Amino acid sequence: MDRRFDWDLLKSFLAVARAGKLTLAARRLGVEHSTLSRHLGALEGTLELKLFERRVSGYALTPHGEALLRRAEAVEALVLSIEEDAGQSRASVAGTVRVGVPDGFGTRFLAPRIGALSGLHPGLQIELAAAPRGFSLSKREADLAISLSRPSGGRIHARKLTDYELGLYGVPALAARVARREDVTRMAFISYIDDMLFAPELDYAASVTKGIEPRLRLSNVLAQQEAAGAGAGLCVLPCFLADHDPRLVRVLGGEIRLVRSFWLLVPSDIRELARVKVTGAFIASEVQKAAGLFLPSPGRG
């Protein structure tokens, strides 16, 4: 048997392990799924190990596959580092970086600013994935991600970007009907769809007052803001979004103040790559410069 090892086979293995589906992995690599299937067969034949269980739902790693994944990621990090070191001798920071961010932060805060980073590094290709969901760094859905919580385990480097304040908002006609917290229970309230909450930190109703039963549930914060701005009800919104919306006023601002956090997460094995470091540093700098946007209340911190 030919025992020569092919790095392309390992890349194919990593893509399938992260995607969990052959067609999705093939699309990410830009190859035919039949080619990817051959690569997996060749790798399993070379190692004489079964790496995946083929299931209706997709590809699941066997214990041998789990063991190989850890080593393959270490090899991948080394190869990326070598490639980047070679590239640095010819050019400035370059390559593709995907950043996964919550929709409100990504669309309203980061998207208007991220072009400046591209201008500083013309060889850097930035993919900003702004969506109401979390991003799996272990599956390489993103190279960096903004999260609402610090991960409890895994090989992830976490850096706190900032705390941010949220308040209760509505159009002036609705806000005028609220004199105390208990009044909110008699008002139309806008919230998330329960089974589409991508983080427990987004479950706000109980923090406002007991007895709230939302009448309108929407899947993401930007949709909630639009509904609140149209007068559909009261809504808990980040101040960095709602304070600059002329349709909305804050309700019981002295009483209802919630604080959450944004964390910048990076897989430990790629955090030293120049394109990842530069992107992370840029995001952190922009957030720091806008500290008053995220924590507008007096005596913040």
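Scanning for something hydroxyl-bearing (Ser, Thr, Tyr) and closer than 30 Å to Val97 by Cβ, does the stretch 194-211 turn up at least one residue? No; the residues of the stretch 194-211 include none that is hydroxyl-bearing (Ser, Thr, Tyr) and closer than 30 Å to Val97 by Cβ.
If a residue has to be modelled with pLDDT of 90 or more and surrounded by 13 or more Cβ atoms within 10 Å (Cβ to Cβ) to count, how many in the stretch 136-161 make the cut? It would help to see each step written out before you state the result.
From the stretch 136-161, those modelled with pLDDT of 90 or more are 142-150, 156-161; that's our starting set.
Imposing the further condition that a residue be surrounded by 13 or more Cβ atoms within 10 Å (Cβ to Cβ) reduces the set to 142-149, 156-159, 161.
Total satisfying the criteria: 13.
Has the stretch 126-135 got at least one residue that is surrounded by 13 or more Cβ atoms within 10 Å (Cβ to Cβ), free of Cβ contacts under 8 Å to residues at least 40 places away in the same chain and more than 14 Å from the chain's Cα centre (by Cα)? No, because not a single residue in the stretch 126-135 is surrounded by 13 or more Cβ atoms within 10 Å (Cβ to Cβ), free of Cβ contacts under 8 Å to residues at least 40 places away in the same chain and more than 14 Å from the chain's Cα centre (by Cα). Against the test of being buried (at least 22 other Cβ atoms within 10 Å of the Cβ), of a type in the set (Val, Ile, Thr), under 30 Å from Gly95 (Cβ atoms) and in contact (Cβ under 8 Å) with a residue 40 or more places away in the chain, the options Val266, Val236 yield a single qualifying residue, Val266. Within the stretch 238-291, the set of residues being among the small types (Gly, Ala, Ser), assigned by TED's automatic domain parsing to the domain that holds Ile156 and over 20 Å from Asp103 (Cα atoms) comprises Ser268, Ala274, Ala281. Each residue in the stretch 182-197 was checked for being in a loop (DSSP other than H, G, I, E, B) and modelled with pLDDT under 90, and 1 pass. Just one of the listed residues (Phe189, Phe135) is within 24 Å of Val251 (Cα to Cα) and of a type in the set (A, V, I, L, M, F, W, C), and it is Phe189.
Within the stretch 155-165, is even one residue touching a Pro at 6+ places or on another chain (Cβ under 7 Å), part of a strand (DSSP E or B) and of a type in the set (Gly, Ala, Ser)?
Taking the stretch 155-165 first, the residues touching a Pro at 6+ places or on another chain (Cβ under 7 Å) are 155-156, 158, 164-165.
Subset that is part of a strand (DSSP E or B): 156, 158, 164-165.
Narrowing the set further to residues that are of a type in the set (Gly, Ala, Ser) leaves 158.
Within the stretch 155-165 (the criterion being touching a Pro at 6+ places or on another chain (Cβ under 7 Å), part of a strand (DSSP E or B) and of a type in the set (Gly, Ala, Ser)), the answer is yes, since at least one residue qualifies.
The values are calculated or read from the model by the stated rules, or taken from the named source; none is laboratory data. The shown structure was predicted, so the numbers you read here are calculated from the model rather than taken from an experiment. Cβ atoms come from the backbone with ideal geometry, glycine included; neighbour counts cover every protein chain shown.
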